[in-house]
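Submitted below is the structure of interest, expressed as structure tokens.
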Amino acid sequence: MSQSVRIDCGTRLSIECVEALHQEMEQAVRDAQDIFLKADDVQYCDTAGLQLLLALVQTVQAAGLQISWQGVSDVVRDTSKLLGLTSALLLATD
């Protein structure tokens with residue numbers, strides 16, 4: 001049975017923040033942990049941030065682990081929708 005980890009995306013999900021976030025995500029995958037993403041505090045995100053999340057979703061699914069959202073800000077939802085990534089990022093549509 002795998003453990004789970006919560007990853008907090010902070011207030012900025014952008015290119016200057018992806019390296020630190022990537023390391024945290026990589027560790028969770030290496031430890032074979034299911035992941036809960038907390039993104040309800042994100043006030044700004046860009047394509048680099050969403051690209052990181054997309055790679056994470058694909059990696060976690062390929063490893064047979066689970067990934068789910070504990071909260072998603074409107075900024076993340078709107079940017080994902082604009083880029084056509086809502087489904088790929090497993091974001092439920094209203």
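Going through region 8-92, which GluC sites (Glu not before Pro) have at most 11 other Cβ atoms within 10 Å and a DSSP loop state?
Glu16
I've got another one for you. In terms of solvent-accessible area of protein heavy atoms at a 1.4 angstrom probe, what is the ranking of Thr11, Thr79, highest value first?
Putting Thr11, Thr79 in descending order of accessible area: Thr11, Thr79.
Using the Cα atoms of region 1-49, I'd like the radius of gyration and the largest Cα-Cα distance, Dmax, both in angstrom.
11.3, 35
Taking the Cα-to-Cβ direction at Gln23 and at Gln66 and moving 7 Å from each Cα, how far apart do the two end points lie in nm?
Rounded to a tenth, the inter-label distance reads 3.0 nm.
On average, how much accessible surface per residue is there in the chain, in Å², for a 1.4 Å probe, leaving out ligands, DNA and RNA?
59
Pop out the Kirkwood hydrodynamic radius of the chain from its pairwise C-alpha distances, inverse of mean 1/r, in Å to one decimal.
For the chain, the Kirkwood estimate is 13.1 Å.
Just by accessible area at a 1.4 angstrom probe, what is the order of Cys17, Cys45 from largest to smallest?
In descending accessible area the options line up as Cys17, Cys45.
To the nearest 10 square angstrom, what accessible area does Asp31 show with a 1.4 Å probe?
Result for Asp31: roughly 80 Å² accessible.
Take each complete run of DSSP H in the chain, measure how far its Cα atoms stretch along the helix's own axis, and keep only those covering 20 Å or more with mean Kyte-Doolittle hydropathy at least 0.0; list them.
47-62
The values are calculated or read from the model by the stated rules, or taken from the named source; none is laboratory data. Quick caveat: nothing in here was measured; it's all calculated off a predicted structure. When we count neighbours, we look across all protein chains shown, and the Cβ atoms used for this are built from the backbone with ideal geometry, even at glycine. Ligands, DNA and RNA are stripped out before the accessible areas are found, and what is left, the full protein with its side chains, is counted by its heavy atoms. Shrake-Rupley method; radii C 1.70, N 1.55, O 1.52, S 1.80 Å.
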